[in-house]
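Working notes, structure below.
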Amino acid sequence: MNDTEGKIAKGYPLKTFDALYHVGEMNPGEKKSATGLPVTTEPDAWKRMWKLSGSLYELTKENHAFLDFYRLTKKEKKEIEKWGLEQGYLKITDVYRVSWYDDEYDRNVTLDFTNKEDAEKETLECGYSARVREVKKYETTAKMDAKVQYPSLSPSIAIELLTTLFADEVLHIDGVWWDKNLNIIQLSAPEGSICPSKIPEWSKHLVG
């Protein structure tokens, strides 16, 4: 991250790493997902969780920075959301939220649907504790769908995807990081996304 980028990103929570890993094939500069290159610090867990095969790459870069998604304050999230609305990446929409308590994982779970019938159908599959309520939520626009090349995005991931665009277009940093707990049973592991514009700047070494 150069001095200019450092000033722009000042105040936002950032993370750096000695090395990151990508599982799968990769060509220099290739965009591997909707908003960038998926990377992790736990490649073995990723392989087990998602039954991934293919090559293992180690990625390194000096003076890099990732926006730490789970450490964003409410104010910072509002700033990102406001930017998304101003840029035409987001719109406010009504969604139908299904909530229930999952005995297997011992936690509350929520899913959002744009169609009430789909939400009610989900309650039948989730058990007696499932409930549906109508809430206001952000949804991606056609402009954002085209930008990330990932049509029909779920409202539940709209803000996460917007944050990757904010990291690239506003903060000019390498990407976004989700510092999830490592729990293979619950399909959880730390993960990040390197912005497409930054992928060529990373050194890539085949290690497995």
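Just to verify a result, which residue in region 82-116, among those that are of a type in the set (D, E, K, R) and closer than 21 Å to Arg133 by Cβ, is farthest from the chain's Cα centre (by Cα)? Walk me through how you get there before you give the answer.
Initially, region 82-116 is screened for residues of a type in the set (D, E, K, R), giving 82, 86, 91, 94, 97, 102-104, 106-107, 112, 116.
Checking which are closer than 21 Å to Arg133 by Cβ leaves us with 91, 94, 97, 102, 107, 112, 116.
Details: Lys91: 18, Asp94: 22, Arg97: 20, Asp102: 23, Arg107: 21, Asp112: 16, Lys116: 26 Å.
Taking the candidates together, the pick is Lys116.
Among the residues of region 148-164, which ones are at pLDDT 85 or above and surrounded by fewer than 21 Cβ atoms within 10 Å (Cβ to Cβ)?
Ile159, Glu160
Just one of (1) of a type in the set (A, V, I, L, M, F, W, C); (2) touching a Phe, Trp or Tyr at 6+ places or on another chain (Cβ under 6 Å); (3) part of a strand (DSSP E or B) trips up Ile80, so point out which.
For Ile80, the failing item is (3).
Just one of the numbered conditions (1) more than 17 Å from the chain's Cα centre (by Cα); (2) surrounded by fewer than 16 Cβ atoms within 10 Å (Cβ to Cβ); (3) closer than 30 Å to Gly175 by Cβ is not true of Tyr70; which one?
The failed condition is (1).
Within region 85-101, is there a residue that is touching a residue at least 60 places away in the same chain (Cβ under 8 Å), within 19 Å of Ser193 (Cβ to Cβ), assigned to a helix (DSSP H, G or I) and of a type outside the set (Phe, Trp, Tyr)?
The answer is no, given that none of the residues of region 85-101 is touching a residue at least 60 places away in the same chain (Cβ under 8 Å), within 19 Å of Ser193 (Cβ to Cβ), assigned to a helix (DSSP H, G or I) and of a type outside the set (Phe, Trp, Tyr).
Can Glu62 be described as within 25 Å of Ser197 (Cβ to Cβ), in contact (Cβ under 8 Å) with a residue 24 or more places away in the chain, of a type in the set (Asp, Glu) and not in a helix (DSSP H, G or I)?
Details: within 25 Å of Ser197 (Cβ to Cβ): yes; in contact (Cβ under 8 Å) with a residue 24 or more places away in the chain: no; of a type in the set (Asp, Glu): yes; not in a helix (DSSP H, G or I): yes.
Against the criterion (within 25 Å of Ser197 (Cβ to Cβ), in contact (Cβ under 8 Å) with a residue 24 or more places away in the chain, of a type in the set (Asp, Glu) and not in a helix (DSSP H, G or I)), Glu62 does not qualify.
Quick one: in region 40-57, which of the residues that are among the aliphatic types (A, V, I, L, M) and touching a residue at least 60 places away in the same chain (Cβ under 8 Å) is farthest from Asp18 (Cα to Cα)? Spell out how you get there, then give the answer.
Residues of region 40-57 that are among the aliphatic types (A, V, I, L, M), as a first pass: 45, 49, 52, 56.
Filter once more, keeping what is touching a residue at least 60 places away in the same chain (Cβ under 8 Å): 45, 49, 56.
On the way: Ala45: 18, Met49: 23, Leu56: 16 Å.
The residue in question is Met49.
From the list Leu56, Leu72, Leu52, exactly one residue is touching a helix residue (DSSP H, G or I) at 6+ places or on another chain (Cβ under 9 Å) and more than 28 Å from Leu14 (Cα to Cα). Which is it?
On the way: Leu56 fails: more than 28 Å from Leu14 (Cα to Cα); Leu72 fails: more than 28 Å from Leu14 (Cα to Cα).
Within the list Leu56, Leu72, Leu52, the selection yields Leu52.
Please list, ordered by residue number, the strands (runs of 3 or more DSSP E) wholly in region 102-208 having 1 or more residues that are closer than 26 Å to Phe66 by Cα and either touching a helix residue (DSSP H, G or I) at 6+ places or on another chain (Cβ under 9 Å) or without any contact (Cβ under 8 Å) to a residue 40 or more places away in the chain (or both). So that I can check it myself, show each step before the final result.
Numbers: elements: 107-113, 131-140, 175-178, 191-194, 203-206.
Where strands (runs of 3 or more DSSP E) fall fully within region 102-208 and carry at least 1 residues being closer than 26 Å to Phe66 by Cα and either touching a helix residue (DSSP H, G or I) at 6+ places or on another chain (Cβ under 9 Å) or without any contact (Cβ under 8 Å) to a residue 40 or more places away in the chain (or both), they are 131-140, 175-178, 191-194.
Filter region 86-101 down to the residues that are hydroxyl-bearing (Ser, Thr, Tyr) and either under 30 Å from Glu169 (Cα atoms) or touching a helix residue (DSSP H, G or I) at 6+ places or on another chain (Cβ under 7 Å) (or both) and list them by number.
Keep residues of region 86-101 that are hydroxyl-bearing (Ser, Thr, Tyr), which gives 89, 93, 96, 99, 101.
Result: Tyr89, Thr93, Tyr96.
The values are calculated or read from the model by the stated rules, or taken from the named source; none is laboratory data. Note that this is a predicted model, so its numbers are computed, not measured. Note: ideal-geometry Cβ built from the backbone for every residue, glycine included; neighbour counts use all protein chains shown.
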